[in-house]
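**Student:** Following this message is one structure expressed as structure tokens.
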Amino acid sequence: MISDLPFNLPGRFWRGNLHTHSNQSDGALSPADIAHLYREAGYDFLAVTDHFRARYGFLLTDTRPLRGPGFTTLLGAELHAPRTELSLEWHIIAVGLPLGFSPPAPDETGPMIARRARAAGAFIGMAHPAASLLTLADAESLDAAHSVEVYNALAAKDDRADSWHLTDLLLARGHQLGAYAADDAHFQPQDPPGCAAWVQVRAESLEPDTLLAALKAGHYYASTGPELHDVEISGGRVTVRCSPVSKVLLTGGVPGVEAIEGSALTEGVLPVSMFRPAGYCRVTVVDAAGRRAWTNPIPLSGFAGPAGSGPWPGKGRRHALEDPR
């Protein structure tokens, strides 16, 4: 059994937000005020991803002066280009962009600018697919993506925060992708507050390059509240250790779920056999307040490459499995 679970890797978990907007684009607060807010909330790092659009001068917000002991920033932007099936433009998170990244060419599509950003060293995220009404064809065309934004806190006000359905379809088709959660914070009066969704990145240091490498390798989990302390697979079972929750769920690319429910659960053991035909499973924990945390998808056979490096075995296979419920 091979998996890229981060829990026993060297280093520790660092809490960060990968999707934030300042007053350099359409946010309400300055980059300095945002960094102060997240640092005071216990975050270790932040990416200010202002909109990379002509009306903002194709600005890549330089947050390097906001770095200091115990807190750092990753340079990034939200990239746009025409178009998806149901929207005039793409929304693509690029974290780790170099300063001087050039604006899109007139004929550059979303998948093209994402490939260029990835080639320039960025971690590429498929931003708020549910809120953007991305189709499966759209998502499959974004072949440079490392990860899908499976929870977007801003989109909760539209009841489109959760994008796991599309993510599971992509995974079941063999696309190897991570899963991250983010605020998409703008701090406008009508918006939800920030610090509602984040990633915990396992790395040996808080250096930006080290964090970026860990993101690309899939060494993180996503949360809106609970903490995952350990997840391991052995003997056909997954063992989960976490902060107190009311549900521990195992799902994957087939209908059905393995679940444990109770009060203040801190450990659960679940079989993975249901999900072997699909080639992966994933863990979700839910606390008493309904807040969730998710592992990245866990390969169940034959693949140990870095996140976003290519399809899992069995890409394109169909499985006629009966829903066990």
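**Student:** What full-extension length gain, to one decimal in nm, is calculated for ASP158 and THR210 as 0.36 nm per residue of separation minus the Cα-Cα distance?
**Tutor:** 15.2 nm is the gain from fully extending ASP158 to THR210.
**Student:** In addition: With a 1.4 Å probe and every protein chain left in place, work out the accessible area per residue of the chain in Å², rounded to a whole number.
**Tutor:** 40
**Student:** Here's a follow-up. What do the square roots of 5 times the Cα gyration tensor eigenvalues come to for the range 95-213, in whole Å, largest first, as semi-axes of the equivalent ellipsoid? Write down the numbers at each step before the final one.
**Tutor:** Values: eigenvalues 93, 79, 55 Å².
Values for the range 95-213, descending: 22, 20, 17 Å.
**Student:** Still on this structure, please answer the following. For helix 208-217, what angle does its Cα long axis make with the longest principal axis of the chain, in degrees from 0 to 90 and rounded to 10?
**Tutor:** It is inclined by approximately 40 degrees.
**Student:** Give the angle, between 0 and 90 degrees and rounded to the nearest 10, that separates the Cα long axis of helix 110-119 from the longest principal axis of the Cα atoms of the chain.
**Tutor:** Helix 110-119 sits roughly 90 degrees off the main axis of the chain.
**Student:** Out of the total accessible area of the chain (probe 1.4 Å, heavy atoms of protein only), what percent is carbon and sulfur?
**Tutor:** In the chain, the share of accessible area belonging to carbon and sulfur is 51 percent.
**Student:** Tell me, in nm to one decimal, what length is gained between SER102 and GLU85 on full extension, where the rule is 0.36 nm per residue of separation less the Cα-Cα distance?
**Tutor:** Details: separation 17, 0.36 × 17 = 6.12 nm, distance 2.54 nm.
This chain segment gains 3.6 nm when fully extended.
**Student:** Now a separate question. Based on the Cβ-Cβ distance from THR135 to GLN188, what FRET efficiency comes out when R0 is 22 Å, to the nearest 0.05?
**Tutor:** Details: r = 29 Å, r/R0 = 1.30.
Efficiency, rounded to the nearest 0.05: 0.15.
**Student:** Can you give the extra length, in nm with one decimal, that the chain gains between ASP33 and ALA54 once fully stretched, where that is 0.36 nm per residue apart less the Cα-Cα distance? Each step should come with its number before you reach the end.
**Tutor:** Values: separation 21, 0.36 × 21 = 7.56 nm, distance 2.44 nm.
Going from the current span to full extension adds 5.1 nm.
**Student:** Between ALA41 and ALA264, what is the spin-label point distance in nm, taking each point 7 Å from the Cα along the Cα→C-beta axis?
**Tutor:** Inter-label distance under the simple model: 2.8 nm.
**Student:** Based only on Cα atoms, what Rg/Rh ratio does the range 1-122 have, Rh being taken as Kirkwood's radius?
**Tutor:** The Rg/Rh ratio comes out at 1.02.
**Student:** Taking N as the number of residues in the chain, what is its Cα Rg relative to 2.2 N^0.38 Å?
**Tutor:** That ratio works out to 0.95.
**Student:** Once every DSSP H run of n ≥ 4 in the chain is given -39500 (n - 2.57) and the sum is divided by its residues, what mean residue ellipticity at 222 nm do you get, rounded to the nearest 500 deg cm²/dmol?
**Tutor:** -4000 deg cm²/dmol
**Student:** Just how far, in whole angstrom, is the range 157-193 from the range 198-248 if you go by their alpha carbon centroids?
**Tutor:** When both Cα centres are located, 17 Å separates them.
The values are calculated or read from the model by the stated rules, or taken from the named source; none is laboratory data. The shown structure was predicted, so the numbers you read here are calculated from the model rather than taken from an experiment. All Cβ positions, glycine included, derive from the backbone under ideal geometry; neighbour counts span all protein chains shown. Calculation scope for accessible area: heavy atoms of the full protein, side chains included, ligands and nucleic acids excluded. Shrake-Rupley method; radii C 1.70, N 1.55, O 1.52, S 1.80 Å.
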